[in-house]
Amino acid sequence: MKSIVILVSGRGSNMEAIVRAAIPGARIAAVISNRPDAAGLAFASAHGIATEAIDHKAYADRAAFDTALAAAIDAHQPDLVVLAGFMRVLTDDFVRHYEGRLINIHPSLLPSFPGLHTHRRALEAGVRVHGATVHFVTATLDCGPIVVQAVVPVHVGDDEAALSARVLEQEHRIYPQAVRWFVEGRISLGADARVCVADADFAVAPSAVPAIEQVAG
């Protein structure tokens, strides 16, 4: 049984998707937020998951907060730490501490549009496709090795809300899948900072390969 800690800052809809997926071999040990009022904490508690709020405003600097956060996470001895809408830039020391067992989902097809306001920037750039990326976290923001991506079309007349909703639907599909692959031992972060795929059958299976998946509609 793999122990998983999920970090949220708000509603945590990707956390909800992972919890609802009931991944075999996975135990959601805790949901932790940097905001005491995060709605995701109530959802987790209602599902019998331990919760904790560590208010970043109570700490003098980013390093002090990350130290407290790591202590709370490590109390659950996680095999995997999942960032699910956790709106904090993490220090290099924190990222190194969880190297190979820290993943994030980003609402764009990385390396395009790292950072914030991805849907607005995609529309401004006039791209024909947009999407979401699950990646291992490294010290460089939104630049870690890619696990899986989902592609959505950009329609004429789309605004940020419409495009965001289309992308979010795919986030809820690929994030539980990426967690499942990790729990099953199918993927890991290699010494060369690339995603390693554990078995040849998985690597060539077109319905399961951890790469871009075209989505109609």
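The values are calculated or read from the model by the stated rules, or taken from the named source; none is laboratory data. No experiment lies behind these values; they were computed from the predicted model shown. Heads up, the Cβs are rebuilt from the backbone with ideal geometry, glycines too, and the neighbour counts pull from every protein chain shown. Surface areas here come from the heavy atoms of the whole protein model, side chains and all, with no ligands, DNA or RNA. Shrake-Rupley method; radii C 1.70, N 1.55, O 1.52, S 1.80 Å.
A few notes on this one:
- Test: Gly115 is under 27 Å from Trp181 (Cα atoms) and in contact with a strand residue (DSSP E or B) (Cβ under 8 Å, 6 or more places away or on another chain): no
- Asn14 meets the conditions (1) in contact with a Phe, Trp or Tyr (Cβ under 8 Å, 6 or more places away or on another chain); (2) in a loop (DSSP other than H, G, I, E, B) in every case but one. The failed one is (2).
- Candidates Gly100, Gly85 - the one that is of a type in the set (Gly, Ala, Ser), closer than 21 Å to His172 by Cβ and under 19 Å from the mean Cα position of the chain (by Cα): Gly85
- Listed by position, the helices (runs of 4 or more DSSP H) enclosed by the stretch 102-217 that each have at least 2 residues that are modelled with pLDDT under 95, on the phi < 0 side of the Ramachandran plot and open to solvent by 40 Å² or more (accessible area, probe 1.4 Å) are 200-204.
- Looking across the stretch 145-159, the residues that are closer than 30 Å to Ala191 by Cα and either among the β-branched types (Val, Ile, Thr) or without any contact (Cβ under 8 Å) to a residue 12 or more places away in the chain (or both) come down to Ile146, Val147, Val148, Val151.
- If the condition is being closer than 18 Å to Leu163 by Cα and touching a Gly at 6+ places or on another chain (Cβ under 6 Å), then the stretch 80-131 contributes Gly85, Leu109.
- When Glu99 is tested against (1) exposed (fewer than 15 other Cβ atoms within 10 Å of the Cβ); (2) free of Cβ contacts under 8 Å to residues at least 24 places away in the same chain, just one condition goes unmet, and that condition is (2).
- Those strands (runs of 3 or more DSSP E) of the stretch 24-90 in which 3 or more residues are open to solvent by less than 40 Å² (accessible area, probe 1.4 Å) occupy 26-33, 80-83.
- Listed by first and then second residue, the pairs linking a residue in the stretch 76-89 that is touching a residue at least 60 places away in the same chain (Cβ under 8 Å) to a residue that is of a type in the set (Asp, Glu), with Cβ atoms under 9 Å apart and 6 or more places separating them unless they lie on different chains, are Ala84/Glu16; Arg88/Asp66.
- Residue in the stretch 74-94 that is modelled with the lowest pLDDT, counting only those that are over 21 Å from Trp181 (Cβ atoms) and of a type in the set (Val, Ile, Thr): Val89
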